[in-house]
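The values are calculated or read from the model by the stated rules, or taken from the named source; none is laboratory data. Being a predicted model, the structure only gives us computed values, none of them experimental. Backbone-built Cβ (ideal geometry, glycine too); neighbour counts: all protein chains shown. When the accessible area is computed, the model is the full protein with side chains, heavy atoms only, and any ligands, DNA or RNA have been set aside. Shrake-Rupley method; radii C 1.70, N 1.55, O 1.52, S 1.80 Å.
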Amino acid sequence: MANSVLSDRVMQNEAAAIAWVEARVWPDGPVCPHCGGVERIGKMGGKATRIGLWKCYQCRKQFTVKVGTVFEDSHVPMNLWLQAMYLLCSSKKGISSNQLSRTLGVTLKTAWFMSHRIREAMRVVGVEPMGGAGKVVEIDETLQGRIDGAPKYVPHGKHFTWRNTVLSLVERDGAVRSFHVEGATMASMLPIIRANVNKETALMTDELTAYKKLGDEFDSHRSVNHSDKEYARGSVTTNTVEGYFSIFKRGMKGVYQHCGEKHLHRYLAEFDFRYSNRVRLGVDDVERTARAVKGIVGKRLTYR
Ligand SMILES: [Zn+2]
């Protein structure tokens with residue numbers, strides 16, 4: 001039997017895992033999270049010392065690579081974190097906390113905490129608008145799950161008021177950004193589009209009237225008329241964003257069966273991350289895991 005990625009030393013040995021994470025988080029050597037210093041930093045040795053402990057001789061404080069990241073305050077060994085990250089990064093439809101708990105041999109509660117922290121690492125922050133000259137961004141919205149307090153069976157005609165709206169922007173041959181839209185009105189969607197898409201971009205949407213306002217602001221705006229059963233007119237289609245929704249929906253239905261409104265944005269970050277770092281863009285499972293590891297920095301999650 002060929003060696004599985006999970007049997008790799010980095011996934012099995014805590015010191016090897018810490019070194020692997022350090023190399024990704026600190027490509028130019030250790031950075032003190034307390035004072036930002038990069039010089040006069042020494043590795044703490046000795047048998048009684050925790051693995052991966054460093055000391056900054058500028059501010060005289062100690063730290064590990066976990067400080068200031070989503071791993072801070074967690075006692076889970078780093079190699080187990082990497083196993084969990086690899087599983088979440090390599091499963092196209094996600095992996096349930098139940099499954100993660102059984103595979104890693106941790107409690108369900110720990111698996112749940114771990115997966116939400118990994119989703120936080122996957123969340124993209126502070127990025128430039130998508131698209132640009134010669135680029136196409138497809139925009140679409142979909143309904144996902146019930147809002148809190150909604151009846152189990154949403155009455156016909158009440159779909160928009162009782163369900164969560166997800167807005168996704170997909171750049172063709174590029175990344176996706178999804179948003180849980182509060183209130184589900186066009187007034188709340190248009191500012192998201194304006195803030196996230198470069199004005200030189202060609203937009204493709206369905207025929208929803210409110211999108212028509214965007215035509216003057218962007219390079220171009222074309223729409224397909226889904227109510228007339230029109231799905232493509234030459235290159236005018238929203239098939240890419242609909243393909244993204246189909247992966248998201250299969251995962252939410254098959255794997256994450258009980259996602260409350262409160263956590264929807266976290267699952268969107270997870271599906272967005274995998275899609276934006278997909279095989280077609282040259283990113284394999286290990287590289288995707290490495291990219292998620294780079295996202296652990298500067299994002300501490302606290303749960304009450
Ligand atoms: Zn320092």
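Per-structure values
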{"quantity": "Answer from R119, R146, R102 - the residue that is touching a strand residue (DSSP E or B) at 6+ places or on another chain (Cβ under 7 Å) and more than 30 Å from E200 (Cβ to Cβ)", "calculated": "R146"}
{"quantity": "Residue in region 103-114 that is touching a residue at least 40 places away in the same chain (Cβ under 8 Å), open to solvent by 10 Å² or more (accessible area, probe 1.4 Å) and among the polar types (S, T, N, Q) present", "calculated": "no"}
{"quantity": "Index of the failed condition, K135 passing every other in (1) modelled with pLDDT under 95; (2) in contact with a strand residue (DSSP E or B) (Cβ under 8 Å, 6 or more places away or on another chain)", "calculated": "(1)"}
{"quantity": "The listed residue being closer than 29 Å to T209 by Cβ and under 18 Å from the mean Cα position of the chain (by Cα), out of P151, P129", "calculated": "P129"}
{"quantity": "Single condition S223 does not satisfy, out of (1) assigned to a helix (DSSP H, G or I); (2) in contact with a Ser or Thr (Cβ under 7 Å, 6 or more places away or on another chain); (3) over 13 Å from M122 (Cα atoms)", "calculated": "(1)"}
{"quantity": "Of residues in region 27-64 being within 14 Å of the ligand (Cβ to nearest atom), among the β-branched types (V, I, T) and closer than 30 Å to R119 by Cα, the one least open to solvent (accessible area, probe 1.4 Å)", "calculated": "T64"}
{"quantity": "So L268, is it touching a residue at least 24 places away in the same chain (Cβ under 8 Å), part of a helix (DSSP H, G or I) and over 22 Å from the mean Cα position of the chain (by Cα)", "calculated": "no"}
{"quantity": "Filtered residues of region 184-199 (kept if in contact with a strand residue (DSSP E or B) (Cβ under 8 Å, 6 or more places away or on another chain) and not in a helix (DSSP H, G or I))", "calculated": "V197, N198"}
{"quantity": "Residues that are β-branched (V, I, T) and within 19 Å of the chain's Cα centre (by Cα), drawn from region 68-87", "calculated": "T69, V70"}
{"quantity": "Residues of region 115-133 classified as within 29 Å of S97 (Cα to Cα) and of a type in the set (A, V, I, L, M, F, W, C), total", "calculated": "5"}
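Yes/no matrix, rows are residues, columns are (1) crowded, with 16+ Cβ neighbours inside 10 Å; (2) touching a His at 6+ places or on another chain (Cβ under 7 Å); (3) under 19 Å from I147 (Cα atoms):
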residue	(1), (2), (3)
D216	no, no, no
D219	yes, no, no
V224	yes, no, no
E230	no, no, no
T238	yes, no, no
E242	yes, no, no
F245	yes, no, yes
G251	yes, no, yes
